[in-house]
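The values are calculated or read from the model by the stated rules, or taken from the named source; none is laboratory data. Small disclaimer: the values here were computed from a predicted structure and weren't measured. Cβ sites come from the backbone with ideal geometry, for glycine too, and all protein chains shown count toward neighbours.
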């Protein structure tokens, strides 16, 4: 647990220092729920994206979604739609908007916003139940969002 | 079609295509020890009529083996703690040298108390949980130390008080002097807390019956508390469960015994009006 948290912090830090042009969570522009501009300017890595989607510690998207192509990830949930074919249904910009803040696309959706760091009610410090402090960052880093989007774009029927 | 309905439509299609991710509540009846009939599903109380038709005990969302454990007191690990509660019931403590039994009689005399809690207590001028009443008796009538709100002794006592009411219908009052607290609890129930921005309703009203990762979501009813959980092998207090659920939304939780959780317990309790008291129940 400690190790993966540190790895996460390290990867967030690296993404930030490697790319000066990273867009901050509060600076993202949504048009009809979609985000045209890459958050980092660096192409996403779909393999990393697949890992993030399946990992409990990262995106944990499979808590709510099934992805047939990730059948080796156990216990996929049934709250949201099956993501098979998401790359056909949505453009890259739409996928980026959905992952960054799905509430911009689907009003009131249960899906959490993965690239947002303000505007929460009683935010906590991860899963400790304690109040968040000023280290509160978005659930995924800008590059991790790009990685997830790159993977979703490969999901074609 | 706008984005919203388009997303919804594909979502619906995908949901129907999904296999295994949606699991029905069990079609099963609970009779404890072959004699106590438990209502595990019934018509929703009037205050929920715009929201749902039927309320269901969490028992129906557990697997066959877990359900079977609750049907027989010899198989229900929670009953050991009821026995410990019974011992405490009969033990004199504190400066007054009195036991609960000295004033209240046999523990079975308390049948009918559990189903109406939390309730507005006239003498106290506030809504109280069973835990608050027990601690009030300890502190002010026995001259004994208060028990930790969700600690072992308290959970055992609440398990005893629940067990003698098993089979009776939950009947939490929501009007009169309890109403403002109830409204506050309702607001908390629908507030999307934490970094995951999830309300109780997101999971337990909109998605009961669905799988969230490995968990089969129930309606989050509290008629079965305290619950013996196979996950941590102990009896769990209702407000410990609330705390866990709020924590899991990456939120700062409320404290057990806080005004917020008391209000929430009153509200959630009333969503189960009509189900039988089932505690101590078995859950995973």
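Listed residues B:191, B:150; which is within 14 Å of chain A (Cβ to nearest Cβ), in contact with a helix residue (DSSP H, G or I) (Cβ under 9 Å, 6 or more places away or on another chain), under 30 Å from residue A:61 (Cα atoms) and assigned to a loop (DSSP other than H, G, I, E, B)?
Numbers: B:150 fails: under 30 Å from residue A:61 (Cα atoms).
Step by step, each of B:191, B:150 is checked, and only B:191 is within 14 Å of chain A (Cβ to nearest Cβ), in contact with a helix residue (DSSP H, G or I) (Cβ under 9 Å, 6 or more places away or on another chain), under 30 Å from residue A:61 (Cα atoms) and assigned to a loop (DSSP other than H, G, I, E, B).
Hey, could you check the stretch A:56-67 for residues that are within 10 Å of another protein chain (Cβ to nearest Cβ) and not in a loop (DSSP other than H, G, I, E, B) and say which is surrounded by the fewest Cβ atoms within 10 Å (Cβ to Cβ)?
Keep residues of the stretch A:56-67 that are within 10 Å of another protein chain (Cβ to nearest Cβ), which gives A:56, A:60, A:62-66.
Cutting the leftovers down to not in a loop (DSSP other than H, G, I, E, B) gives us A:62-63.
Numbers: A:62: 21, A:63: 18.
Per the stated criteria, the residue is A:63.
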Report task. Quick one: count up the residues across the stretch A:68-82 that are more than 8 Å from chain B (Cβ to nearest Cβ) and in a loop (DSSP other than H, G, I, E, B). Result -> 3
Query raised in the report: Which residues, taken from the stretch A:90-137, are under 11 Å from the mean Cα position of the chain (by Cα) and either farther than 14 Å from residue B:196 by Cβ or not in a loop (DSSP other than H, G, I, E, B) (or both)?
Result: A:95, A:96, A:97, A:98, A:99, A:100, A:101, A:102
Report summary line: Scanning the stretch B:246-258 for residues that are surrounded by fewer than 24 Cβ atoms within 10 Å (Cβ to Cβ) and in contact with a strand residue (DSSP E or B) (Cβ under 9 Å, 6 or more places away or on another chain), the one farthest from the other protein chains (Cβ to nearest Cβ) turns out to be B:248
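I'd like to check which strands (runs of 3 or more DSSP E) are fully inside the stretch B:17-126 and have at least 1 residues that are at pLDDT 95 or above and farther than 22 Å from residue B:220 by Cβ. Please lay out each step first, then the result.
Values: elements: B:30-32, B:36-38, B:41-43, B:54-56, B:119-121.
Result: B:30-32, B:36-38, B:119-121.
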Query raised in the report: Taking interchain pairs and intrachain pairs at least six residues apart, which have beta carbon atoms under 6 angstrom, with the first residue in the stretch A:107-136 and in contact (Cβ under 8 Å) with a residue 24 or more places away in the chain and more than 8 Å from chain B (Cβ to nearest Cβ) and the second outside any loop (DSSP other than H, G, I, E, B) and crowded, with 16+ Cβ neighbours inside 10 Å?
Result: A:111/A:102; A:114/A:99; A:115/A:25; A:115/A:100; A:115/A:145; A:116/A:25; A:116/A:101; A:117/A:25
Requested in this report: Inspect the stretch B:167-184 for any residue being more than 10 Å from chain A (Cβ to nearest Cβ), assigned to a strand (DSSP E or B) and in contact with a helix residue (DSSP H, G or I) (Cβ under 7 Å, 6 or more places away or on another chain) and give the result as yes or no.
Outcome: yes
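Return yes when residue A:43 is more than 14 Å from the chain's Cα centre (by Cα), modelled with pLDDT of 95 or more and crowded, with 19+ Cβ neighbours inside 10 Å and no when it is not.
Working: more than 14 Å from the chain's Cα centre (by Cα): yes; modelled with pLDDT of 95 or more: yes; crowded, with 19+ Cβ neighbours inside 10 Å: no.
Here the answer is no, as residue A:43 does not meet what is asked.
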**Report entry** Enumeration of residues in the stretch B:148-166 that are surrounded by fewer than 18 Cβ atoms within 10 Å (Cβ to Cβ) and closer than 30 Å to residue B:35 by Cβ
**Finding:** B:152, B:153
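Quick check on residue B:63: is it within 21 Å of the chain's Cα centre (by Cα), in contact (Cβ under 8 Å) with a residue 12 or more places away in the chain and at positive phi?
Answer is no for this residue.
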Requested in this report: Check whether at least one residue in the stretch B:221-243 is within 28 Å of residue B:152 (Cβ to Cβ), surrounded by fewer than 23 Cβ atoms within 10 Å (Cβ to Cβ) and at the interface with another protein chain (Cβ under 10 Å from one of its Cβ atoms), and report yes or no.
Outcome: yes
Query raised in the report: Any residue at all in the stretch B:202-211 that is more than 13 Å from the chain's Cα centre (by Cα), part of a helix (DSSP H, G or I), in contact (Cβ under 8 Å) with a residue 12 or more places away in the chain and within 10 Å of chain A (Cβ to nearest Cβ)?
Result: yes
Report task. Among the residues of the stretch B:202-220, write down those that are crowded, with 17+ Cβ neighbours inside 10 Å and touching a helix residue (DSSP H, G or I) at 6+ places or on another chain (Cβ under 7 Å). Result -> B:212, B:216, B:217, B:218, B:219, B:220
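To keep it simple, each residue is scored yes or no on (1) under 22 Å from residue B:51 (Cα atoms); (2) part of a strand (DSSP E or B); (3) under 11 Å from the mean Cα position of the chain (by Cα).
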| position | (1), (2), (3) |
| --- | --- |
| B:244 | no, no, no |
| B:249 | no, no, no |
| B:255 | no, no, no |
| B:260 | no, no, no |
| B:263 | yes, no, no |
| B:268 | yes, no, yes |
| B:279 | no, no, yes |
| B:282 | no, yes, no |
Query raised in the report: Does the stretch A:35-55 contain at least one residue that is assigned to a loop (DSSP other than H, G, I, E, B), touching a residue at least 40 places away in the same chain (Cβ under 8 Å) and within 13 Å of chain B (Cβ to nearest Cβ)?
Result: no
